[in-house]
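Input: a single structure, listed below in structure tokens.
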Amino acid sequence: MVELEIKKEWVEEAKKKANEMGRLKHSILKGNGNITGFVGEFMVAAYLKAKIENTYDYDIVKCDIKIDVKSKKCTSIPKPDYDCSVPAYNTRQKCDYYVFTRILDNFQTGWICGIISKEKFFKNARLYKKGEVDKSNWMEFKEDSYNMKIKDLLALKTM
């Protein structure tokens, strides 16, 4: 896992982009996660020295590899047994890899938790149905979602 300081300019730009985007269809957090998502993209792009494309299918391109960044807000350092999630409605995205991040709720620190190919993610992730409860953390799912533990991801190295 890679810990990074979040730059103030990333947060300001994320707020602008989130405002422009508005609330997306299927948004579990009703648009309130958009800033976190954009900060995660800026963090990963800076770490990889990659280009942000920000399409429906992927967020970043590095060496012709299409990467979708999935970010969650958090209140503490992520632990290896925490979950990484992809909503079931996102399974058709045309990306090659997922990179999962966690962003501290005060937007000062973020973590790049790891990377996994889209193919391996869906082969190994567990599908939880809406309303089902994950007994490892007692979270009830608001949407059908695929989950995998941080410890099952590969470390992200600069490409």
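Over the chain, what percent of the accessible surface lies on carbon and sulfur atoms, probe 1.4 Å?
49 percent
Distance cut-off 18 Å, Cα to Cα: go down the list LYS66/LYS120; LYS62/LYS157; LYS16/LYS94; LYS118/LYS151; LYS7/LYS151; LYS15/LYS157 and report the pairs above it.
LYS16/LYS94; LYS7/LYS151; LYS15/LYS157
Please report, in debye to the nearest 20, how large the charge dipole of the chain is about its Cα centre when each Lys and Arg carries +1 at its beta carbon and each Asp and Glu carries -1 there.
The dipole of the chain has a size of about 200 debye.
So what is the diffusion coefficient of the chain in µm² per second by Stokes-Einstein at 4 °C and 1.567 mPa s, using a Kirkwood Rh over Cα pairs?
Translational D for this selection: 82 µm²/s.
What length, rounded to one decimal in nm, is gained on full extension from ASP96 through to GLU20, with 0.36 nm per residue of separation minus their alpha-carbon distance? Numbers along the way, then the final one.
Numbers: separation 76, 0.36 × 76 = 27.36 nm, distance 2.67 nm.
Additional length available on full extension: 24.7 nm.
Quick one: accessible area per residue over the chain, 1.4 Å probe, rounded to a whole number of Å²? Could the numbers behind the result be given before it?
Values: 9330 Å² over 159 residues.
I get 59 Å² per residue for the chain.
Hey, can you rank 123-131, 47-55 by average C-beta count inside 10 Å, highest first? Show your work: numbers first, answer last.
Working: 123-131: 12.9, 47-55: 15.1.
The most tightly packed comes first, giving 47-55, 123-131.
Which one of THR109, THR75, TYR128 has its Cα pushed farthest toward the positive end of the charge dipole of the chain, where Lys and Arg give +1 and Asp and Glu give -1 at the Cβ?
Farthest towards the positive pole: TYR128.
Kindly write out, for the range 69-83 in residue order, the coupling ³J(HN,Hα) from the Karplus curve 6.51 cos²θ - 1.76 cosθ + 1.60 (θ = phi - 60°), rounded to whole Hz, with x marking Gly and Pro.
Using θ = phi - 60°, the values come out as 9, 10, 10, 10, 7, 9, 10, 7, 4, x, 9, x, 8, 6, 8 Hz.
The values are calculated or read from the model by the stated rules, or taken from the named source; none is laboratory data. All of these numbers come straight from a predicted model, not from anything done at the bench. A quick note on method: Cβ atoms are made from the backbone with ideal geometry, for glycine too, and the neighbour counts reach across all protein chains shown. Ligands, DNA and RNA are stripped out before the accessible areas are found, and what is left, the full protein with its side chains, is counted by its heavy atoms. Shrake-Rupley method; radii C 1.70, N 1.55, O 1.52, S 1.80 Å.
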